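Here's the structure we're looking at; comments come further down.
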Amino acid sequence: MKLNFVHVFDVAHVPIFFSTLLLSAIVVAFMFTAKPGKLHYIRTISGLKAIDEAIGRATELGKPVLFISGLADVDNVQTLAALSILSHVSRKTAEYDTQLIMPNNYSVTMVMAQEVVRESHFRAGRPDTYLPENIYYVSDAQFAFVGHVLGVIERSKPAANIYMGRYFAESLILAEAGFATKAIQIAGTAETPQLPFFFTACDYCLIGEELFAASAYLSKNPKQTGSIKAQDMIKLLILGGIFVGSVLATFRLHF
């Protein structure tokens with residue numbers, strides 16, 4: 001029995017195969033060309049830059065910082081991105097000896113958040129200031145959790161509220177409560193329907209992919225910054241391909 005080459009190897013998918021190789025090569029090249037002393041440029045993300053200012057203001061006023069990692073469990077990539085930002089926030093609060101409050105919607109998220117904050121305090125050289133009771137579980141129920149957070153905002157009146165992760169109908173409720181207490185509010189989510197609400201009531205907002213680029217931006221890790229730069233280059237190539245294809249289609253040049 002003879003096997004036809006076409007039946008074994010799908011010729012129609014050859015362009016996809018070589019495109020995948022090219023894109024993978026770009027990512028690997030940028031990751032390995034990045035060096036600790038020579039990082040790839042990543043544009044300034046104002047929302048992340050404002051985090052240090054917000055924590056500094058909370059320290060001056062002697063008020064706590066409230067951090068919410070969204071209403072999704074750790075199997076959601078937005079929650080993981082939020083925990084990455086939490087690492088930076090908790091380290092700064094440890095350095096400034098500022099109280100950090102973090103209610104959690106899921107128990108697994110709480111455990112991971114506690115470890116992140118504990119490690120940040122050790123890295124800041126202040127393990128004795130770590131308070132595990134400030135990183136606690138509330139409820140899996142959406143509005144039971146939101147009701148508790150509203151109570152924390154009203155009672156503790158944090159000077160800085162940081163909302164990162166996946167949000168739903170509660171986004172405006174939380175943001176409005178923080179706005180009423182005159183807190184600096186920084187939000188970040190990839191949920192497009194919730195962005196207008198955060199824009200309205202928050203001082204700074206991370207839009208979509210800025211949330212995922214936060215880890216590279218804050219850590220200045222060479223491989224992470226290289227990966228972000230490679231993704232930007234790939235997007236430019238794809239946009240260029242779309243433009244060239246549009247021009248060819250306009251002049252009815254089909255291949």
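The values are calculated or read from the model by the stated rules, or taken from the named source; none is laboratory data. Values in this document were obtained by computation on a predicted structure and should not be read as measured data. Positions of Cβ are backbone-derived with ideal geometry, glycine not excepted, and every protein chain shown enters the neighbour counts.
Brief remarks follow.
- Residue that is farthest from the chain's Cα centre (by Cα) [pool: residues in region 109-168 that are assigned to a loop (DSSP other than H, G, I, E, B) and under 20 Å from Ala214 (Cβ atoms)]: Ala124
- The set of residues in region 96-128 that are β-branched (Val, Ile, Thr) and exposed (fewer than 15 other Cβ atoms within 10 Å of the Cβ) comprises Val108, Val111.
- The residue that is surrounded by the most Cβ atoms within 10 Å (Cβ to Cβ), among those in region 169-183 that are under 22 Å from the mean Cα position of the chain (by Cα) and not in a helix (DSSP H, G or I), is Ala183.
- Condition broken by Ile135, with the remaining ones in (1) β-branched (Val, Ile, Thr); (2) surrounded by fewer than 22 Cβ atoms within 10 Å (Cβ to Cβ); (3) without any contact (Cβ under 8 Å) to a residue 40 or more places away in the chain satisfied: (2)
- Consider region 67-78 and keep the residues that are modelled with pLDDT under 95 and outside any loop (DSSP other than H, G, I, E, B). The one that is nearest to the chain's Cα centre (by Cα) is Gln78.
- Set Ala81, Ala50, Ala25: member being at pLDDT 85 or above, within 18 Å of Asp203 (Cα to Cα) and surrounded by 11 or more Cβ atoms within 10 Å (Cβ to Cβ): Ala50
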